[in-house]
Amino acid sequence: MKAIEIQELKKKYEKGPEALKGVSFSIEEGEVFGLLGPNGAGKTTLINILCGVTRKSSGTAKVFGKDVDEDPVFVKSSLGVVPQEIGFNPFFTVRQAMELQLGYYGKRRDADYVNYLLDRLSLMDKADVKPRKLSGGMQRRFMIARALVHRPRVVVLDEPTAGVDVELRRALYAFVRELNQAGATVILTTHYLEEAELLCERVGIVNRGELVTLERVEDLKKKHDDKKLEDIFVELTNIKV
C-alpha cells in the first residue's frame, strides 16, 4: 500500500518563488524514505502541504489514499511530525504536554505508552520537568516523544539530529530503526547525508522545487561508480553540504 502519494504538486507563493514545480513520487508503507535537498529546495513546503499547514497551488497529495484537503482529520492523525524548530508550551511538564497531545487527536490517556516513550527516549527522570529547563538534546527527544504519542502510521523527522551530539545521534538512529520495525513509515529530511545513506532504503533529492532523482540508495550509488551519497548529492545539486 502507498503511504504517501504526491502527483504534480506545485506551490507558488504570492510574493515569492515557485517552491514546488510539479513534484511527483510515492512512498510505500513501511519504508524509510529520505527526502533530501539543499536549503530552499522545497522539502519543508512539501512536508507542510502534507501536514495541512500550507495549501498547495495545484496537484494532489494523499496519505494512505486520503486527500490532504478532503480528509484532513484522517491525514493529521496518521502523521507524527517532528519539526526542525524546537517549540513547546512553557506551562506544562513533559508528561502533561504528551497527555495533552493525545487529547488533540481525540485519543484517550495512555499512561503505558507515554511511559514507554519516556523510557525509550531517556526522559523518564525528566517527566515532571518543564521542557524549557531541558538541555537542547533533551528538548529534541521530547519533541520526538510528543510527536509519537498518538501512534502515527507515518513519522516525519525534519532534521532530527541537527545540533545534537554523537551519542544522541546514534540513539536516534537506533530508535528510527525500532519504529520502522514496528511498522511505521519514516520520512527523514537531513543535511547529514551519511545518516540518509545509513537509514534510508530510497531517497528523493529535490533542488529548486524539482525532483532531480528518486532511487534506491544502493542503485543510485551503483549508477555513480559507488560514490558516497554525499558526493552524489553535490553532483546533482551543485551545492556542497
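Highest mobility in the GNM of the chain, judged by mean-square fluctuation with C-alpha springs under 10 Å and restricted to 190, 161, 93, is found for 93. Please give the helix 136-148 orientation as an angle from the longest Cα principal axis of the chain, in degrees from 0 to 90, rounded to the nearest 10. Taking Cα atoms only, the helix is inclined about 90 degrees.
For residue 123, what is the net charge nearby, where nearby means another residue's Cβ is under 11 Å from its Cβ and Lys, Arg count +1, Asp, Glu -1?
On the way: positive: 95, 120, 126, 140, 141, 146; negative: 119, 125, 128.
That works out to +3.
At 0.36 nm per residue, and after removing the present C-alpha to C-alpha distance, how many nm does the segment from residue 153 to residue 124 gain when stretched out fully? If you can, show how the numbers build up before the last one.
Values: separation 29, 0.36 × 29 = 10.44 nm, distance 2.41 nm.
Net length gain for the segment: 8.0 nm.
Seen from residue 67, the other residues with C-beta closer than 14 Å to its C-beta sum to a net charge of +1, counting Lys and Arg as +1 and Asp and Glu as -1. Looking at the chain alone, DSSP beta bridges between its own residues are antiparallel in about 55 percent of cases.
Using Cα pairs under 8 angstrom and six or more residues apart, how large is the relative contact order of the range 96-163, in percent?
About 38 percent, as a whole number.
Comparing mean-square fluctuations of 81, 73, 203 from a GNM of the chain with C-alpha springs under 10 Å, the top value falls on 73. Rounded to the nearest 10 degrees, what's the angle between the helix 166-181 long axis and the longest principal axis of the chain, both from Cα atoms, 0 to 90? Around 80 degrees separate the two axes. Net charge of the neighbourhood of residue 193, taken over other residues with C-beta under 10 Å away and scored Lys/Arg +1, Asp/Glu -1, is -4. Separation of the range 109-170 and the range 196-240, taken as the distance between their Cα centroids, equals 29 angstrom.
For the range 57-129, the set of GluC sites (Glu not before Pro) satisfying both a DSSP loop assignment and a count of at most 15 other C-beta atoms within 10 Å is given as 70, 85. Between the helical axis of 94-104 and the dominant principal axis of the chain, each derived from Cα atoms, what acute angle in degrees is found, rounded to the nearest 10? Tilt of helix 94-104: around 70 degrees.
Per residue, the chain reaches -11000 deg cm²/dmol at 222 nm when only DSSP H runs of four or more residues are counted, each adding -39500 (n - 2.57). Among 51, 200, the ranking by other beta carbons within 10 Å of each residue's beta carbon, starting with the fewest, stands as 51, 200.
Since every read-out is calculated from the coordinates, none of them should be taken as a lab result. All of these numbers come straight from a predicted model, not from anything done at the bench. FYI the Cβ positions are ideal-geometry reconstructions off the backbone, even for glycines, and counts take in every protein chain you see.
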